[in-house]
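> Below are the structure tokens for one structure; questions will follow.
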Amino acid sequence: MKVLKEGRSLNETIYSHVRGLILTGQLLPGNKLKISELAQRFDVSMNVIREALSRLAGELLVDVAPQQGFSVRGLNAGELIDLTEQRITLEGIALRKSIASGDIEWQARLIAANHRLVHTPQTLPESPDKFNPEWHTRHEVFNFIMMENCGSKWLFLMVKQLAEAFSIYQRVLLPVSTEQGERNSDHNELLQAILDGNADRAVSILSEHLNHTRDVMLSALGAAVCAERSTSASH
């Protein structure tokens, strides 16, 4: 696959491509990242791939171990709990700031993003047992619009990085069932609290939403670990 530079350096382009593969679940947690295979896939030198993977390791999206090389960061219950706690803390601050400085234009963008989200099927029409990646993308857009009005580039950057790490767990662990997984009713209630200017209510809904999603994913992660141990024991 020949990658075009499109006005950016080749290194930046490759970094963005590999990062996108990880965040969209095309490279799954725990997968080995062989430099030679990726270099061949993107038709670039191994040095370009190595630099991209080193940057992603700095963002905690990739693990690197002596004698073992690079791999997509694996799923870990303790890390998921920590990610959720930090998201609640920082997103609570960002959301309060966004609401305090919110204007009609920001509210309009948020309403539009929520409308697209709740009217997008969470599962693929042709495969009801599979998660719809378009729904996940629109979920992220809604969340980022909600936070980007906080007035701090650094705060928003940290919020975005935590949310992206969290999304890797979501793409792998969230069940198809909307009863157990993500709930559109949460987003509608959150939007209404924001439009009402009720920051306490909005932060409370957001925190409950994140904790619920964490608990569902922890249950799925525990089940996956048990299944893996059972399979290993039978062999």
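> Return yes or no: is SER36 surrounded by 13 or more Cβ atoms within 10 Å (Cβ to Cβ) and outside the structural domain of ALA220 (by TED's automatic domain parsing)?
no
> Please specify each residue of the stretch 59-97 satisfying the condition of being more than 21 Å from the chain's Cα centre (by Cα), free of Cβ contacts under 8 Å to residues at least 60 places away in the same chain and part of a helix (DSSP H, G or I).
Result: LYS97, single match.
> A follow-up question, please. Does VAL203 satisfy the condition of being assigned by TED's automatic domain parsing to the domain that holds ASP103, modelled with pLDDT of 95 or more and more than 16 Å from LEU117 (Cα to Cα)?
Considered against the rule, which asks whether it is assigned by TED's automatic domain parsing to the domain that holds ASP103, modelled with pLDDT of 95 or more and more than 16 Å from LEU117 (Cα to Cα), VAL203 comes out as yes.
> Continuing with the same structure: Among (1) surrounded by 15 or more Cβ atoms within 10 Å (Cβ to Cβ); (2) modelled with pLDDT under 95; (3) not hydroxyl-bearing (Ser, Thr, Tyr), where does ILE88 come up short?
Going through (1) surrounded by 15 or more Cβ atoms within 10 Å (Cβ to Cβ); (2) modelled with pLDDT under 95; (3) not hydroxyl-bearing (Ser, Thr, Tyr) one by one, ILE88 breaks only (2).
> Somewhere in the stretch 208-219, is a residue modelled with pLDDT under 95, out of contact with any strand residue (DSSP E or B) (no Cβ under 9 Å at 6 or more places or on another chain), closer than 25 Å to GLU91 by Cβ and of a type in the set (Gly, Ala, Ser)?
Yes, because at least one residue in the stretch 208-219 is modelled with pLDDT under 95, out of contact with any strand residue (DSSP E or B) (no Cβ under 9 Å at 6 or more places or on another chain), closer than 25 Å to GLU91 by Cβ and of a type in the set (Gly, Ala, Ser).
> Additional query: Scan the stretch 33-58 for residues that are touching a residue at least 40 places away in the same chain (Cβ under 8 Å) and within 19 Å of LEU75 (Cα to Cα) and jot them down.
Matches in the stretch 33-58: LEU56 only.
> Quick one: is ILE22 surrounded by 14 or more Cβ atoms within 10 Å (Cβ to Cβ) and at pLDDT 90 or above?
No, not satisfied.
> To continue, here is another question. Report the residue count in the stretch 102-118 for those that are free of Cβ contacts under 8 Å to residues at least 60 places away in the same chain and either more than 21 Å from ARG171 (Cβ to Cβ) or among the aliphatic types (A, V, I, L, M) (or both).
Counting residues in the stretch 102-118 that are free of Cβ contacts under 8 Å to residues at least 60 places away in the same chain and either more than 21 Å from ARG171 (Cβ to Cβ) or among the aliphatic types (A, V, I, L, M) (or both) gives 9.
> Quick check, is ARG109 under 20 Å from the mean Cα position of the chain (by Cα), modelled with pLDDT of 90 or more, over 24 Å from THR84 (Cα atoms) and in the same structural domain as ALA199 (by TED's automatic domain parsing)?
No.
> Right, another one. Taking the stretch 98-121, which residues are among the charged types (D, E, K, R) and surrounded by 13 or more Cβ atoms within 10 Å (Cβ to Cβ)?
Those that are among the charged types (D, E, K, R) and surrounded by 13 or more Cβ atoms within 10 Å (Cβ to Cβ): ARG109, ARG116.
> Any residue at all in the stretch 141-157 that's modelled with pLDDT of 85 or more, surrounded by 19 or more Cβ atoms within 10 Å (Cβ to Cβ) and assigned to a loop (DSSP other than H, G, I, E, B)?
For the stretch 141-157, residues modelled with pLDDT of 85 or more, surrounded by 19 or more Cβ atoms within 10 Å (Cβ to Cβ) and assigned to a loop (DSSP other than H, G, I, E, B): present.
> Just one of (1) surrounded by fewer than 17 Cβ atoms within 10 Å (Cβ to Cβ); (2) in contact with a helix residue (DSSP H, G or I) (Cβ under 6 Å, 6 or more places away or on another chain) trips up LEU124, so point out which.
Single failed check for LEU124: (2).
> With the condition kept exactly as written, say whether any residue in the stretch 47-59 is in contact with a Phe, Trp or Tyr (Cβ under 8 Å, 6 or more places away or on another chain), modelled with pLDDT under 90 and either surrounded by 13 or more Cβ atoms within 10 Å (Cβ to Cβ) or outside the structural domain of LEU174 (by TED's automatic domain parsing) (or both).
no
The values are calculated or read from the model by the stated rules, or taken from the named source; none is laboratory data. Please read all numbers here as calculations on a predicted model, not as lab measurements. We place every Cβ from the backbone using ideal geometry, glycine too, and count neighbours over all the protein chains shown.
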